[in-house]
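Here is the structure we will look at.
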Amino acid sequence: MTTNYETVYITDPNISEAKLGELNTKLSEIIKRFQGKVNGIDDWGSRRLGYKIKKQTSGHYVRVYYAAESGAIAEIEHTLKLRDDVLKQMTIRLEEEEKR
């Protein structure tokens with residue numbers, strides 16, 4: 001059974017469009033492996049951070065909406081933690097009325 005999730009991650013503000021596209025493709029592949037579906041990817045662009053993260057004062061924000069089995073969360077978080085260009089990430093489970 002799939003559940004709806006939202007993952008927001010912040011990357012280095014100087015990340016290239018190619019690397020960002022590669023990362024989004026990798027996350028989409030992980031979601032599909034866990035019988036999931038990407039419902040939307042919102043690129044918020046570069047914004048100022050509330051506090052320094054890894055000596056950065058700004059970051060590039062991306063939000064991914066998807067439905068997948070719970071095993072996808074661990075795989076996505078592991079993938080994001082291994083990347084040097086990802087400063088921070090967070091995943092939350094969406095309630096039924098919050099679905100896109």
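Summary of computed values
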item	result
Tilt relative to the chain, helix 71-82 - C-alpha long axis, 0 to 90 degrees, to 10	10
C-alpha long axis of helix 17-33 to longest principal axis of the chain, angle in °	20
Helix-only mean residue ellipticity at 222 nm for the chain, each DSSP H run of n ≥ 4 adding -39500 (n - 2.57), per residue, nearest 500	-9500 deg cm²/dmol
Distance from the stretch 1-21 to the stretch 31-84 (C-alpha centre basis), Å	4
Point-to-point label distance, ILE41-MET1, nm (Cα→Cβ direction, 7 Å offset)	3.0
FRET efficiency for LYS52 and MET90, using Cβ-Cβ distance with R0 set to 22 Å, rounded to 0.05	0.80
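We did not get these values from a lab; they are worked out from the coordinates using the rules stated. Since the structure is predicted, the reported quantities are computational estimates derived from the model, not experimental observations. Don't worry about glycine lacking a Cβ; one is built from the backbone with ideal geometry, like all the others, and counts go over all protein chains shown.
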